[in-house]
Amino acid sequence: MSIKVHIIKDFPGFSLKVDFESDAKNIALLGPSGSGKSLTLKCIAGIIKPDCGYIELNGRVLFDSENHINLAPQKRKVGYLFQSYALFPNMSVKNNILMGLHSNKDKEEKLKILNHFVKLLNIEEILDNYPHEISGGQAQRVALARILVSDPEILLLDEPFSALDAFLRNKLQMELKGLLKKYNKQTILVSHDRDEAYLLSNEIVLVDAGTTIVQKDTKELFKDPIYLKAAILSGCKNFSKIEVIDEHKIHVVDWGFDLKFKKSISSDIKYIGIRAHYFSKDKLDISEEIEVMDITEETFNNLVRFRFKNQDKTSDLVYWKVDKDIKVDEKTKKIYFNLNDILLLKWSYIFKQEKTLRSFFDWLFFKVFYFVRDIVSHMRIDVLFFVVNRENLCCDRYSDFFRRIPTSLKSDWWIEIR
């Protein structure tokens, strides 16, 4: 099982530039609301057509702008679970599920497949009910059954728990985790909840402002998110700018102290981060004096906000999550943490685009092109545009011209205005 997605889609005021490949079984697209996660699923499913790029599923090309390939949604063998579940209100649960088998004319085989997934999802008792007569959790399982009976090659889950209360959400997350263990095909989950992504995936692709930031094994991502933005999206709250003093020593600018590491520190490390639960009252590698500013009681923890002794007064307070059985008050003057728990973070991630956008200049060129296109469209000037630094990156309208460009020249930009 494998999927390759290298696409660009320009919307008014928003550009989608997604770039990842994976053979992981359970993938999560994690990012804030409005970052382009659901749009990415719609491009994979064929609901939205990218401006240019390439999508491949298990060796089958679903979309290739250069070669004019764009399979219809029904030919992609993609199962898409919408946020609303999209059940037919005038059909029983049984008939809703059978809609996924409408192309199968063998009645006995249809019933056999139906019974298999009905038992798998534990919905035997509601087959004769209608959507308005079942719970939200049952509706989700019915929608999943309708998808699974069609035997898709990949399952796309578009924030399936967003409309549920916390208790039901946790219950269904565990049920889905069990189902995904039995389901031996690839899934992509869209979520803005890091805990949900951690629970249901073994690989995460972080997306922000329409751009993929980083792609890593789930546990490795939380251990080493690489980039500042990735660390923020993974839930880290404490950051400081740094200055690299030498190969092993840094000055923590906002917090006012130095740190010395055994390993070499790369010159492109611009920030450090420390997760709120990494601090301790017990003696660890590093100790620093602090001033506790306030303490907030949460459901199962206390949230302590403090400043380091020499911290810049204009910088943000530092967060510390403490178990309620550990005594922390305004008299607490010292805190400890391990060097290994410090996140060493780079600032920029734009240069990490591997396939679709080779560099910041590729991205800039797209922005300039769409700006020029909007102007010259009012002047009745036909602008021919291509990005030819990658053979697979080319908008459909210009594919024929693109193929006539000699291979030796495909590292250049070409613009023709006539």
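Out of the stretch 139-149, which residues are open to solvent by 30 Å² or more (accessible area, probe 1.4 Å) and outside any helix (DSSP H, G or I)?
Passing the criteria: none in range.
Scan (1) surrounded by 21 or more Cβ atoms within 10 Å (Cβ to Cβ); (2) farther than 30 Å from I272 by Cα; (3) touching a residue at least 60 places away in the same chain (Cβ under 8 Å); (4) of a type outside the set (F, W, Y) for the single condition V118 breaks and write down its number.
Status for V118: all satisfied but (3).
Six or more apart or on different chains, Cβ atoms under 6 Å: show the pairs whose first residue is in the stretch 96-112 and surrounded by 13 or more Cβ atoms within 10 Å (Cβ to Cβ) and whose second is among the aromatic types (F, W, Y).
Every condition considered, the pairs that remain are N96/F88.
Out of all the residues in the stretch 13-27, is one or more in a loop (DSSP other than H, G, I, E, B), on the phi > 0 side of the Ramachandran plot, open to solvent by 40 Å² or more (accessible area, probe 1.4 Å) and touching a residue at least 12 places away in the same chain (Cβ under 8 Å)?
No, the stretch 13-27 contains no residue that is in a loop (DSSP other than H, G, I, E, B), on the phi > 0 side of the Ramachandran plot, open to solvent by 40 Å² or more (accessible area, probe 1.4 Å) and touching a residue at least 12 places away in the same chain (Cβ under 8 Å).
Looking at the stretch 209-228, which of its residues are open to solvent by 20 Å² or more (accessible area, probe 1.4 Å), outside any helix (DSSP H, G or I) and either over 25 Å from L16 (Cβ atoms) or not small (G, A, S) (or both)?
From the stretch 209-228, those open to solvent by 20 Å² or more (accessible area, probe 1.4 Å) are 209, 215-217, 219-220, 222-224, 226; that's our starting set.
Imposing the further condition that a residue be outside any helix (DSSP H, G or I) reduces the set to 209, 215-217, 224, 226.
Those that are open to solvent by 20 Å² or more (accessible area, probe 1.4 Å), outside any helix (DSSP H, G or I) and either over 25 Å from L16 (Cβ atoms) or not small (G, A, S) (or both): Q215, K216, D217, D224, I226.
Return the residues of the stretch 282-335 that are of a type outside the set (V, I, T), open to solvent by less than 90 Å² (accessible area, probe 1.4 Å) and in contact with a helix residue (DSSP H, G or I) (Cβ under 8 Å, 6 or more places away or on another chain); say none if nothing qualifies.
L303, Y319, W320, K321
Quick check on my filter: what residues within the stretch 236-263 are open to solvent by less than 20 Å² (accessible area, probe 1.4 Å) and within 30 Å of S191 (Cβ to Cβ)?
C236, N238, S240
I'd like to verify a number: residues in the stretch 153-177 that are farther than 21 Å from D193 by Cα and either β-branched (V, I, T) or buried (at least 20 other Cβ atoms within 10 Å of the Cβ) (or both), how many?
1
Give the number of residues within the stretch 114-138 that are modelled with pLDDT of 85 or more, in a loop (DSSP other than H, G, I, E, B) and of a type outside the set (S, T, N, Q).
Of the residues in that region, 5 qualify.
For the stretch 73-83, which residues satisfy the criterion of being touching a residue at least 40 places away in the same chain (Cβ under 8 Å), open to solvent by 50 Å² or more (accessible area, probe 1.4 Å) and not basic (K, R)?
F82, Q83
How many residues does the stretch 133-148 hold that are aliphatic (A, V, I, L, M), over 17 Å from N90 (Cα atoms) and touching a Leu at 6+ places or on another chain (Cβ under 7 Å)?
Qualifying residue count, the stretch 133-148: 3.
The values are calculated or read from the model by the stated rules, or taken from the named source; none is laboratory data. The shown structure was predicted, so the numbers you read here are calculated from the model rather than taken from an experiment. Because the Cβ atoms are built from the backbone with ideal geometry, glycine has one as well, and the counts that use them run over all protein chains shown. SASA here: full protein model, heavy atoms, side chains in, ligands and nucleic acids out. Shrake-Rupley method; radii C 1.70, N 1.55, O 1.52, S 1.80 Å.
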